[in-house]
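*Asks:* Before I ask anything, let me first share the structure, which is written out below as structure tokens.
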Amino acid sequence: MKLVIAIIQPHKLEAVKKELEAVDVNLMTVTNVLGQGRQKGVTEIYRGAKEAGGLLNKVRLDIAVNEAFVDPTIDAIVKGAHTGSVGDGKIFVVELAECIRISNGERGGSAIG
Amino acid sequence: MNSGDTAWVLMASALVLLMTIPGLAFFYGGLVRRKNVLSILMQCFVIVCVISLQWMLFGYSLAFGPSFHGIIGGLDWVGLRGVGAAPNPAYAATIPHSVFMIFQAMFAIITPALIIGAYAERVKISAFLVFTLLWSTLVYDPLAHWVWNTGGWLRALGALDFAGGIVVHVSSGVSALVLAILLGKRVGYNHKPIRPHNLPFTVLGAALLWFGWFGFNAGSALAADGLAANAFITTHIATAAAGLTWALVEWWHNGTPTILGTVTGVVAGLVAITPACGFVNPMNAMFIGMMVAVICYVAVSIIKGKLGYDDSLDAFGVHGVGGIFGTIATGIFAQKAINVAGSDGLIFGNVHQFLVQGLLVIVAIVFAVVMTFIIYKIVDAIIGMRVEEKNELIGLDLTQQSEAAYTVIE
């Protein structure tokens, strides 16, 4: 089992969701987050004073998948979120030690989907 | 008695209240961080409650009551004794005396509320209450007496302040600067504005200020007549010019216009035209608006950052600087052709009026600085003006009022 964490542009969420559903990945947790990458955020101006380093709005997806779904999930996210410019985001894949379905106590790979 | 005049001044009184709540409350409330928004709303509402009572009990009598050597009013009208339906011809012959009183009450309310911008996000609610009551009684009431009381010594010199450029804006703006310096910077303040938590609130508040200001300025004619119309129009034109000018200056200086800049320019324009609106024509009102936007922009965006004091919401930079400029501009652009009760200004060949306006500014600044300093020291010694650092970091809403504006988790 792996946990796929993706940080994407907020306006790409719908496209990513559509690509994920196309490869039968339907379960995800989505949060609004703030972040900055190589471009170092944005500059904001309040009453003439420049505030550099303001963080940008991003969307984070947390998706738990079984091994067979790892590559299709990554491909779907890249396909949906890619524009080719800086700020498109990142995908992190980490080992997932356990998964428990709260409603019936089911554990492991069968609890993921 | 004139029912048209009475109806207009009653309506104008309500418009001036709208400037403080919700106008100023939301203008300032949007500019602070989310942990302090309720403290601003609280301060604005409490000022309405406290100063309304102060005004009824003794404030009105001190400011407008029969004058003691031009310095302060007597106690003749304490508790509004004798202030009823019969007009007081010394102030307004065509409306009930009580209507003039309640119109003036709304001015007494908004003036200490303007100062909130200087001490925002770091003052104790208890100290704020005592300070406000003392400041209103010892600074606003005497100054209103000097400039507006028929026996006031500055009025006797021929000083012109149609709707409160000196009495309201210079007094509060200068006091705000003194407080900002005495209180010190907010924790973490580093020569730059702290990001506003809700700019749409600020824009909404500015729109309500603009709307309410018609009551403030055109109502100050104390009649529904041509002078009120002139004040209404010059107010509108100066404000439009100032909002646009600020946005253009910013665009040129920083590369983009901002809505915060535009509404800040709008308020600066409203402030500057306040003393002048019943004495100048619309073309000169436009010039006043354009000039004040540039002057306040320099004060707020360039000079403040260099000097390093933390006038959190620019009460001095907008109201103090804008009010000083507006009072001087009145001495430049005033003309008897607009208001026979007024005077000609510098561009109409009357140097004397220009000098009187300058004196008015100096007197108001010296008086406000000295008195605010004394009141601050007294309240600080007895109660302590500033919250503990730990409470400032948590925020005034939770530590002073035990409530929070926004829930993050249900």
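*Asks:* Just grab the label-to-label distance for B:MET1 and B:GLU410, each label 7 Å out from Cα along the Cβ direction, in nm (one decimal).
*Replies:* Placing both labels 7 Å along Cα→Cβ, they lie 5.8 nm apart.
*Asks:* Could you please report the charge total around B:GLY342, scoring K, R as +1 and D, E as -1 over all other residues with beta-carbon less than 14 angstrom from its beta-carbon?
*Replies:* Here the charged neighbours net out to 0.
*Asks:* Hydropathy at least 0.0 by Kyte-Doolittle, axial extent at least 27 angstrom from the Cα trace: which helices of chain B, defined as entire DSSP H runs, fit?
*Replies:* Result, helices passing both filters: B:97-119, B:199-218, B:226-254, B:351-382.
*Asks:* Here's a follow-up. Between B:ASP380 and B:PHE68, what FRET efficiency follows from the Cβ-Cβ distance if R0 is 30 Å, with the result rounded to 0.05?
*Replies:* 0.50
*Asks:* Given charges of +1 on the Cβ of Lys and Arg and -1 on the Cβ of Asp and Glu, with all other atoms neutral, how large is the dipole of chain B about its Cα centre, in debye to the nearest 20?
*Replies:* I would put it at about 540 debye.
*Asks:* Also, quick follow-up: Based on the alpha-carbon gyration tensor of segment B:3-401 and its eigenvalue square roots a ≥ b ≥ c, which shape applies: rounded if a/c is under 1.5, prolate if not and a/b is larger than b/c, or oblate?
*Replies:* Oblate shape, in that a/c is at least 1.5 and b/c is the bigger or equal ratio.
*Asks:* Excluding A:VAL33 itself, what net charge comes from residues whose Cβ is under 13 Å from its Cβ, given Lys and Arg +1 and Asp and Glu -1?
*Replies:* That works out to +2.
*Asks:* At a Förster radius of 22 Å, what calculated FRET efficiency corresponds to the Cβ-Cβ distance of A:LYS79 and A:LEU3, to the nearest 0.05?
*Replies:* Once rounded, the FRET efficiency stands at 0.65.
*Asks:* Under 15 Å between alpha carbons, and skipping anything fewer than 8 positions from A:LYS50 in its own chain: which aspartates and glutamates qualify?
*Replies:* Within reach: B:GLU250.
*Asks:* Another question, then. Segment B:140-216 to segment B:357-410: how many Å between their Cα centroids?
*Replies:* 15 Å
*Asks:* With labels modelled as points extended 7 Å from the Cα through the Cβ direction, what inter-label distance (nm, one decimal) is found for A:VAL93 paired with A:LEU13?
*Replies:* Going by the 7 Å Cα→Cβ label model, 2.5 nm.
*Asks:* Let me ask you something else. Provide the net charge surrounding B:VAL298, with neighbours chosen by a C-beta distance below 13 Å and charges set as Lys +1, Arg +1, Asp -1, Glu -1.
*Replies:* It works out to a net charge of +1.
*Asks:* Work out the charge dipole of chain A with +1 on the Cβ of Lys and Arg and -1 on the Cβ of Asp and Glu about the Cα centre, then indicate which of A:ILE91, A:GLY41, A:ALA15 is farthest towards its positive end.
*Replies:* A:GLY41
*Asks:* Then there is this: Taking a virtual spin label 7 Å from the Cα of B:PHE211 along the C-beta vector, which residues in segment B:26-51 bring their backbone nitrogen under 14 Å of it?
*Replies:* B:26-27
*Asks:* Considering Cα pairs under 8 angstrom that are at least six residues apart, work out the relative contact order of chain B and quote it in whole percent.
*Replies:* Dividing the mean separation by the residue count of chain B yields 24 percent.
*Asks:* Quick check: the distance between the Cα centres of segment B:279-334 and segment B:238-260, to the nearest angstrom?
*Replies:* Cα centroid of segment B:279-334 versus Cα centroid of segment B:238-260: 14 Å apart.
*Asks:* Among B:ALA268, B:GLY59, B:HIS145, which residue has its Cα positioned farthest towards the positive end of the charge dipole of segment B:3-401, with +1 placed on the Cβ of Lys and Arg, -1 on the Cβ of Asp and Glu, and the dipole taken about the Cα centre?
*Replies:* Looking along the dipole axis, the top candidate is B:ALA268.
*Asks:* Another question, then. Once you place label points 7 Å from the Cα toward the Cβ at B:VAL46 and A:ASN104, how far apart are they in nm?
*Replies:* 5.8 nm
*Asks:* Could you work out [θ]222 nm for the protein assembly as shown from helices alone, using -39500 (n - 2.57) per DSSP H run of at least four and dividing by all its residues? Round to the nearest 500 deg cm²/dmol.
*Replies:* Helices in the protein assembly as shown give a 222 nm mean residue ellipticity of -16500 deg cm²/dmol.
*Asks:* What average number of partner chain Cβ atoms lie no more than 10 Å from the Cβ of the residues making up A:39-46?
*Replies:* Taking the mean over all residues of the peptide, I get 4.
*Asks:* I need A:CYS99, B:CYS49, B:CYS277, B:CYS44 ordered by Cβ neighbour count within 10 Å, fewest first.
*Replies:* By the 10 Å Cβ count, ascending, the order reads B:CYS49, A:CYS99, B:CYS44, B:CYS277.
*Asks:* So, one more: What's the tally of Lys pairs in chain B whose alpha-carbon atoms lie under 14 angstrom apart, where the two lysines are 8 or more places apart or on different chains?
*Replies:* Value for chain B: 6.
*Asks:* Give the lysines reachable from A:LYS12 as a straight Cα distance under 24 Å; neighbours fewer than 8 places away on the same chain don't count.
*Replies:* Counting by Cα, and skipping residues close in sequence, A:LYS12 has these lysines nearby: A:LYS2, A:LYS40, A:LYS58, A:LYS79, A:LYS90.
*Asks:* Follow-up. What is the extension gain from B:ASN281 to B:ASN254, computed as 0.36 nm multiplied by their sequence separation minus the C-alpha to C-alpha distance, in nm to one decimal?
*Replies:* Extra length from B:ASN281 to B:ASN254 when fully extended: 6.4 nm.
*Asks:* Output wanted: per-residue J couplings in Hz (rounded whole) for segment A:29-41, from phi through Karplus 6.51 cos²θ - 1.76 cosθ + 1.60, θ = phi - 60°, x for Gly and Pro.
*Replies:* 10, 10, 9, 7, 9, 10, x, 9, x, 4, 6, 6, x
*Asks:* Fewest to most neighbouring Cβ within 10 Å: what's the order for B:HIS352, B:HIS69, B:HIS169, B:HIS145?
*Replies:* B:HIS69, B:HIS352, B:HIS145, B:HIS169
*Asks:* Mind checking the dipole of the protein assembly as shown: about its Cα centre, +1 per Lys or Arg Cβ, -1 per Asp or Glu Cβ, Debye to the nearest 20?
*Replies:* 700 debye
*Asks:* For segment B:363-410, report the translational diffusion coefficient in µm²/s to the nearest whole number, using Stokes-Einstein at 20 °C, 1.002 mPa s, and a Kirkwood Rh over Cα pairs.
*Replies:* 160 µm²/s
All of the numbers you see were taken from the coordinates with simple rules; none came from a lab. What you see is a predicted model; the values in this text were computed from it and never measured. Every residue, glycine as well, gets a Cβ built from its backbone with ideal geometry; the counts of neighbours run over all protein chains shown.
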